[in-house]
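Below is one structure, written out as structure tokens; the observations come after it.
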Amino acid sequence: MIEIKELRIGNLLQLEEEITPVSAIWDNGNFEIHSDVLQFCTIEKGDSEISGIPLTEEWLVKLGIEKVDKTWDDLVLYRKGNLDIEVRSTGFFFEDTKISTVHHLQNLYYALNLKELTINP
């Protein structure tokens, strides 16, 4: 379940098979998404149909994070500006912090750069 405190407008989430951005966040714990299928849709607190997008190397590339040529036996390094993401056998890491979803990565990137991390066209 997604906690409202984890979200910012623009974060990408998954609604069933669709990837959709958060378009509004309400004080009552609900938030709104813009879905191609449902148009604008309010998600109520605790709704189980919406989830974070699991982070993958494919998503890193979609977000413009490039694979660094140098790799080590147990990890692969991706970089965008001052953000280095290590892909280890146990997951994706920024320094010692594990990142498991796209919206967590978006929030981290914003905190470091004050810029949005969005899908490359």
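Taking segment 99-118 as the range and being touching a helix residue (DSSP H, G or I) at 6+ places or on another chain (Cβ under 9 Å) and either free of Cβ contacts under 8 Å to residues at least 12 places away in the same chain or hydrophobic (A, V, I, L, M, F, W, C) (or both) as the test, the residues that pass are ILE99, VAL102, LEU105, LYS115, LEU117. Inside segment 89-115, can you point out the residues that are crowded, with 17+ Cβ neighbours inside 10 Å, assigned to a strand (DSSP E or B) and not hydrophobic (A, V, I, L, M, F, W, C)? Passing the criteria: only THR101. In this structure, LYS80 qualifies as in contact with a strand residue (DSSP E or B) (Cβ under 9 Å, 6 or more places away or on another chain) and basic (Lys, Arg). Just name the residue that is surrounded by the fewest Cβ atoms within 10 Å (Cβ to Cβ) out of those in segment 52-88 that are acidic (Asp, Glu) and part of a helix (DSSP H, G or I). Filtering segment 52-88 for residues that are acidic (Asp, Glu) and part of a helix (DSSP H, G or I), the one surrounded by the fewest Cβ atoms within 10 Å (Cβ to Cβ) comes out as GLU58. Would you mind stating whether THR118 is of a type in the set (Val, Ile, Thr) and either in the same structural domain as LEU63 (by TED's automatic domain parsing) or crowded, with 17+ Cβ neighbours inside 10 Å (or both)? Criteria not met by THR118.
Within segment 1-21, the set of residues being more than 13 Å from HIS104 (Cα to Cα) and surrounded by 15 or more Cβ atoms within 10 Å (Cβ to Cβ) comprises GLN14, LEU15, ILE19, THR20, PRO21.
The values are calculated or read from the model by the stated rules, or taken from the named source; none is laboratory data. In this text, all values refer to a predicted model and were calculated from it rather than measured experimentally. In this analysis, Cβ positions are derived from the backbone assuming ideal geometry, glycine residues included, and neighbour counts consider all displayed protein chains.
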